[in-house]
1. Starting from residues that are within 30 Å of T119 (Cα to Cα), of a type in the set (S, T, N, Q) and in a helix (DSSP H, G or I), keep the ones in the stretch 162-221 and report whichever is nearest to the chain's Cα centre (by Cα).
2. Looking only at the stretch 32-51, which residues are among the small types (G, A, S), farther than 16 Å from L5 by Cα, more than 17 Å from the chain's Cα centre (by Cα) and buried (at least 17 other Cβ atoms within 10 Å of the Cβ)?
3. Within the set of pairs 6 or more residues apart or between chains, which connect a residue that is within 25 Å of N141 (Cβ to Cβ) inside the stretch 165-180 to a residue that is assigned to a strand (DSSP E or B) and among the basic types (K, R) with Cβ atoms less than 8 Å apart?
4. Tally the residues that are touching a strand residue (DSSP E or B) at 6+ places or on another chain (Cβ under 8 Å) and crowded, with 24+ Cβ neighbours inside 10 Å, restricting the search to the stretch 19-31.
5. Just wondering, is there one or more residues in the stretch 64-78 that are over 18 Å from S126 (Cβ atoms), in the same structural domain as A158 (by TED's automatic domain parsing) and modelled with pLDDT of 95 or more?
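The values are calculated or read from the model by the stated rules, or taken from the named source; none is laboratory data. Keep in mind that what you see is a predicted model, and the values were worked out from it rather than measured. Note that each Cβ is placed from the backbone with ideal geometry, even for glycine, and that neighbours are counted across all protein chains shown.
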Amino acid sequence: MNLNLEGKTALVTGASRGIGLAVVRKLAEEGARVMGVARTVTPELEDASALAVSADLSTPGGAEAAVKAALAELGGIDILVNNVGAGDPDVMKLGGFLEIDDAQWRDLFNLNFFSAVWTSRAALPSLLERRGAIVNTGSINALVPAQGPVGYSEAKAALVAFSKRLSEEFGPQGVRVNTVSPGGVGTGLWRDPDGFGSRVAASMGMSHSDLLSAMPTAFGVTSGRIAEPEEIAALIVFAASPAAEYLVGANIVIDGGTVKTV
């Protein structure tokens, strides 16, 4: 399918690895000019995109600086993918509600919710001018809050509501806003030997490899496997493209059948 992205410009946050890096690669493959933003610009991001910038998107100043850089380098923004999220695996605590202090709530909301608020606010004037599109990377945890880092599911639920709010306000002015909500994805968060997944495995008294093998069954994934980042990226890029012109205000779940409700 021709997604009609030749010559379009895009800003992708959380672009150094995982889903964000896969989105950058897919957009570039489709002919878009892409700027990838991450706290740390990796060699993989530099290889995938001619334009990369370092910014801390968990702060208003970082988000505004990223958009300013994109406007200067790209001349305008047709597509904004608010993908940055999750959290620092070395900082996130695995305890229950009564064990978690306000710092974790603030950190997870700043990264998973307010980063999209700040970046969207800065980018919207250009998006309105170009009748562009925003895609926010959500999570099925917004629909089925699970045990895990306290504050994450709640921040993703706020992001889904925020997407709908923006869609209602700016959709009539030509800016499409949608959310793509993955289930379990085989990113470094789960697969890195020293990542969040290894900490979860240790807390459960099992090996990291055993945890990865057990995830599809433990999560109730109908397909029998977790997703690859490229599969999520393909849906995000489609949702951002002119080929999805009638997709407005949607929260698209891509989870291999994990969510069982209708």
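1. Step by step, filter the stretch 162-221, then rank; the result is S163.
2. Of the stretch 32-51, the ones among the small types (G, A, S) are 32, 36, 38, 48-50.
Still in the list and also farther than 16 Å from L5 by Cα: 36, 38, 48, 50.
In the following step, the residues that additionally are more than 17 Å from the chain's Cα centre (by Cα) were identified as 48, 50.
Across the stretch 32-51, the qualifying residue is only A48.
3. Here the result reads S167/R176, each pair linking the stretch 165-180 to a residue that is assigned to a strand (DSSP E or B) and among the basic types (K, R).
4. Total satisfying the criteria: 6.
5. No, every residue in the stretch 64-78 fails to be over 18 Å from S126 (Cβ atoms), in the same structural domain as A158 (by TED's automatic domain parsing) and modelled with pLDDT of 95 or more.
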